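The values are calculated or read from the model by the stated rules, or taken from the named source; none is laboratory data. This is a predicted model, so every value here is computed, not measured. Every residue, glycine as well, gets a Cβ built from its backbone with ideal geometry; the counts of neighbours run over all protein chains shown.
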Amino acid sequence: MDTATAPRRVEHQQTDKGYVPVYTTAIVEQPWDSYTADDHATWSTLYQRQRELLEGRASREFLQAQDEMGMSAHMIPRFDQLNEVLGAATGWTLVGVEGLLPELDFFDHLANRRFPVTWWIRRPDQIDYIAEPDMFHDLFGHVPLLMNPVFADYMAAYGRGGVKAHAIGPEALQHLTRLYWYTVEFGLINTPEGLRIYGAGIVSSKGESLYSLESDAPNRIGFDLERIMRTRYRIDTFQKTYFVIDSFEQLMQATAPDFTPIYAALEAQPHLPAGDVQDGDTVFHAGTGEGWADGGDV
């Protein structure tokens, strides 16, 4: 590949003021032939470790979709081959990117059923933690559920809602961002077999996969749209709260109405701490689908 046109690896900058994200809008071809043996080995290690861990922990829909796409630990998947399967299933397309996208660009891609996937994978010394999404997070964590027709429609609807919220203003955008965080990134689903993971931020993390289901520390609260939009979150540690859906159909139905009046109503309501439990919240036991209505704050 011509180095003058080779895609860049765009990561955050660490300054005396702390972590500073760096954004890029470039769409690039996946430079598959340029991946090194270390790159493929990193993918293989992460894939095998996570896939074994997720048996009995991730949603059935996620695991089945990953198999249907032909992902494996053998080598880094090729975007063009995945696109053939994904396009036939739900009309989505993967597009290669260099790193974090500005919000409006990201929303526009989703609204048009294009999912941005970072072309590069973390280094071996970053195998247990990386500050921003890399190819493993994007491809392993996000892409499989785009094979599910209901979830695929939800993601496209979210993109359209993001374009609209961006035009309304920062408060609306903040509320909508929390919805993405607590569903697409860190969502749990209640199944007949018990609580399962579907959020990409959990399924791509060894530590959070165990913590989200098996620790008694976090709250697990039944899905409530306005409750989610009021709840802050942390980006530098495991979550203090997870929200639990009953099905992807519930998620789609709950988020189908126009959010404009909801944003207006939320302006008069306080933001909630990440670990807060409110009167009437349905709280789920760790590792089970059994829930109860909480009677007071903690």
Original post:
Can you name the residue in segment 42-84 that is in a helix (DSSP H, G or I) and of a type in the set (Gly, Ala, Ser) and is also surrounded by the fewest Cβ atoms within 10 Å (Cβ to Cβ) among such residues?
Top reply: SER44
Original post:
How do the pairs read when you match residues in segment 60-81 that are under 30 Å from GLY194 (Cβ atoms) with residues anywhere that are small (Gly, Ala, Ser), using Cβ under 6 Å and keeping only pairs 6 or more apart or on different chains?
Top reply: ALA73/SER44
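State all residues of segment 85-112 that are part of a helix (DSSP H, G or I) and out of contact with any His (no Cβ under 9 Å at 6 or more places or on another chain); if no residue qualifies, say none.
Of all residues in segment 85-112, those part of a helix (DSSP H, G or I) come to 85-90, 103-111.
The answer is VAL85, LEU86, GLY87, ALA88, ALA89, THR90, ASP105, PHE106, ASP108, HIS109, LEU110, ALA111.
Residues checked against (1) within 24 Å of ALA111 (Cβ to Cβ); (2) more than 16 Å from the chain's Cα centre (by Cα); (3) aromatic (Phe, Trp, Tyr); (4) assigned to a helix (DSSP H, G or I):
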{"residue": "LEU173", "(1), (2), (3), (4)": "yes, yes, no, yes"}
{"residue": "THR177", "(1), (2), (3), (4)": "yes, no, no, yes"}
{"residue": "VAL184", "(1), (2), (3), (4)": "yes, no, no, yes"}
{"residue": "ARG196", "(1), (2), (3), (4)": "no, no, no, no"}
{"residue": "TYR211", "(1), (2), (3), (4)": "no, yes, yes, yes"}
{"residue": "ALA217", "(1), (2), (3), (4)": "no, yes, no, no"}
{"residue": "ARG227", "(1), (2), (3), (4)": "no, yes, no, yes"}
Subject >> Where TYR242 falls short, out of the listed (1) surrounded by 12 or more Cβ atoms within 10 Å (Cβ to Cβ); (2) outside any helix (DSSP H, G or I); (3) more than 22 Å from the chain's Cα centre (by Cα); (4) touching a residue at least 60 places away in the same chain (Cβ under 8 Å) >> reply: (3)
**OP:** Tell me, yes or no, whether segment 147-157 has at least one residue that is without any contact (Cβ under 8 Å) to a residue 60 or more places away in the chain and outside any helix (DSSP H, G or I).
**Re:** no
Original post:
For segment 98-113, does any single residue satisfy the condition of being closer than 18 Å to VAL150 by Cα and charged (D, E, K, R)?
Top reply: yes
Subject >> Residues of segment 258-270 classified as more than 22 Å from the chain's Cα centre (by Cα), closer than 15 Å to ILE228 by Cβ and assigned to a loop (DSSP other than H, G, I, E, B), total >> reply: 2
Original post:
Can you tell me which residue in segment 224-239 is surrounded by the fewest Cβ atoms within 10 Å (Cβ to Cβ), limited to those that are hydrophobic (A, V, I, L, M, F, W, C) and farther than 16 Å from ALA264 by Cα?
Top reply: ILE235
**OP:** Identify all residues within segment 91-119 that are closer than 22 Å to ALA131 by Cβ and polar (S, T, N, Q); write none if there are none.
**Re:** THR118
**OP:** Out of ASP138, ASP153, ASP134, ASP128, report the one residue that is closer than 18 Å to ALA88 by Cα and acidic (Asp, Glu).
**Re:** ASP153
Subject >> Criterion (part of a helix (DSSP H, G or I), among the hydrophobic types (A, V, I, L, M, F, W, C) and within 28 Å of THR42 (Cα to Cα)) met by exactly one of PHE136, PHE115 >> reply: PHE136
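Residues that are of a type outside the set (A, V, I, L, M, F, W, C) and free of Cβ contacts under 8 Å to residues at least 60 places away in the same chain: does segment 86-93 have at least one? Working first, answer last.
Here is the first cut: in segment 86-93, the ones of a type outside the set (A, V, I, L, M, F, W, C) are 87, 90-91, 93.
From what's left, free of Cβ contacts under 8 Å to residues at least 60 places away in the same chain: 87, 93.
Yes, segment 86-93 has at least one match.
From the list ALA65, ALA58, which one is touching a Lys or Arg at 6+ places or on another chain (Cβ under 7 Å), among the small types (Gly, Ala, Ser) and closer than 19 Å to TRP43 by Cβ?
On inspection, the qualifying residue turns out to be ALA58.
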Subject >> Flag if TYR35 is among the aromatic types (Phe, Trp, Tyr), surrounded by 15 or more Cβ atoms within 10 Å (Cβ to Cβ) and either at pLDDT below 95 or over 22 Å from the mean Cα position of the chain (by Cα) (or both) >> reply: yes
**OP:** Kindly establish whether GLN14 is surrounded by fewer than 16 Cβ atoms within 10 Å (Cβ to Cβ), outside any loop (DSSP other than H, G, I, E, B) and in contact with a helix residue (DSSP H, G or I) (Cβ under 9 Å, 6 or more places away or on another chain).
**Re:** no
**OP:** Mind counting the residues in segment 245-257 that are outside any helix (DSSP H, G or I) and at pLDDT 95 or above?
**Re:** 3
